[in-house]
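Input: a single structure, listed below in structure tokens.
The values are calculated or read from the model by the stated rules, or taken from the named source; none is laboratory data. These numbers come from a predicted model, not from an experiment. Neighbour counts are summed over all protein chains in view; Cβ atoms, including those assigned to glycine, are modelled from backbone coordinates with ideal geometry. Accessible surface areas use protein heavy atoms only, side chains included; no ligands, DNA or RNA. Shrake-Rupley method; radii C 1.70, N 1.55, O 1.52, S 1.80 Å.
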Amino acid sequence: MTIFNKSALELYKGTLSTINVTLPLTLISSLLIVGCATDSRSTLTSKATASTAQSSSPLAYSYGVRPFYLINDMDESPLKEELQACKGQLPSKTNFSIAHRGAPLQLPEHTYDSYVASAQMGAGILECDVAFTNDGELVCRHAQNDLHTTTNILTTPLAKQCTVPPILDAKGELTNADRIECRTSDISAAQFKTLMGKMDAANKKATSISEYMNATAPWRTDLYSQNGKVLTLKEHIALARQLGMKHTPELKAPVVTMPFNDYRLNDYRQQLIDTYKAADVPASDVFAQSFNIEDLDYWIKNEPAYGDNAVYLVDDSNETAKDKTFDKNDATTWKHSLADIKARGINTIAPALWLLVTTDGHGKMLPSEYAKQAKANDLKIITWSIERSGPLTDGGDWYYSGLGDAINNDGDMMNYIDVLAQDVGVQGIFSDWPATVSYYANCKGLK
């Protein structure tokens, strides 16, 4: 099957897919551990079609146990006392808390259950990483080529259609675990919908399909991986609307050569925006993101209402100057100055957490030079991603780069959030477990 050279609106014809937002009982019971609040605003009606006017019960917000665990693990400090004093507060929705692929710390990313769980934890904005199928549908996947690690495709007949399918020898042993690659563009939207999402993991040394797939990190869980319903972007929009959440789609870089069957990069850029326009989602509720600065250039020029809210994602992979090593405190190592980024018409940047925070060498976290220059150039800042790492007893991983003297236990995550919010001045934080950020934001009165 191939992509036809149609506009996104032509591809969109018909009504939005209907999604019944009946909150899974297992999720409610697992999350409603400490305190809850309801919000009738979660029952929303689409302006676009009657098919999206689904009624749903008021959403029950809950923190669960994790924020309290993190606060109890903090070193004694005024911040710890302040956060402890909020333990009786009622959970509520906050746009400061952004769901990173849903709630993938414990539920499969970009699945129905994961999205609903993130809403229950108070996240006000929901992410869909956008990729395309071979018949021109946009779907929610973190990368165009991650189906082999985030879904069950290898256990289905669709595995044969993968760009690099699994190869079994005469003994039935898997021989190419380190090279398997399955793309959304290998299959149609209808075929994509037959898949089941799983926790993102793979054993690249496996000698069997089951061994390859059963590789979830020990600090995560497969307890909530039994349903794994995957969504198209249209379905995601309908669900976010019904959950009362705003939208932050990320246009993922194609791994195929573009044009792909006459489907051009500008078609892809425009289709993302057209899908929201066709669903009658106001531009003020959409924060389109990309690591490719040319994507933002396109939106700013061709869709200025949406371009005004567009978010430039930043890390060392796309913002390191030629022949340099990125240093968050040395502007000569940055590909673009913050002034140049602002001059392009970009209003919001989203650097990785560690780009925004440095230390004094004695355990105190401070805004980095990158953060200071962003603020000086009147750029709004959001950041990613809290709760994407294992235990922090050893100082954390990439997301905590350069902060080893300030990070030595899980409770330090709350200090990290506080510096980002109060000293750096971020307007939102992506999280793999949004309850952590929601608790902090509710306690501090951040809407």
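Some values worked out for this structure:
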item: Amide H contacts of Thr320 (H built 1.01 Å from N, under 5 Å, at least 5 apart or other chain); result: Lys335
item: Whole-Hz couplings from phi, Karplus 6.51/-1.76/1.60, listed for segment 311-320; x for Gly and Pro; result: 10, 8, 7, 9, 8, 5, 6, 10, 10, 9
item: Over the chain: helical MRE at 222 nm, DSSP H runs n ≥ 4 each giving -39500 (n - 2.57), nearest 500; result: -7000 deg cm²/dmol
item: Accessible surface, per residue, of segment 292-431 when the full set of protein chains is kept, probe 1.4 Å, Å²; result: 39 Å²
item: Ranked packing of 86-95, 119-128, most packed first, by mean Cβ within 10 Å; result: 119-128, 86-95
item: Global geometry of the chain, whether rounded, prolate or oblate, following the gyration tensor of its Cα atoms and the 1.5 cut on a/c; result: rounded
item: Over the chain, relative contact order from alpha-carbon pairs under 8 Å, at least 6 apart, %; result: 19 percent
item: Nonlocal amide H pairs with Thr358, under 5 Å, H built at 1.01 Å; result: Leu366, Ser368
item: In Hz, Karplus ³J(HN,Hα) per residue of segment 259-271 (6.51, -1.76, 1.60; θ = phi - 60°; x = Gly, Pro); result: x, 10, 6, 6, 8, 9, 4, 5, 4, 5, 4, 6, 4
item: Segment 355-447: relative contact order as a whole-number percent, Cα under 8 Å and 6+ apart; result: 32 percent
item: Highest-first arrangement of 365-377, 206-218, where packing means the average Cβ count within 10 Å; result: 365-377, 206-218
item: Heavy-atom accessible surface of the chain: percent carbon and sulfur, 1.4 Å; result: 50 percent
item: Highest average packing first - 434-447, 159-172, Cβ atoms within 10 Å; result: 434-447, 159-172
item: Amide H partners (placed H, <5 Å) of Val311, local residues excluded; result: Ala288, Gln289, Ser290
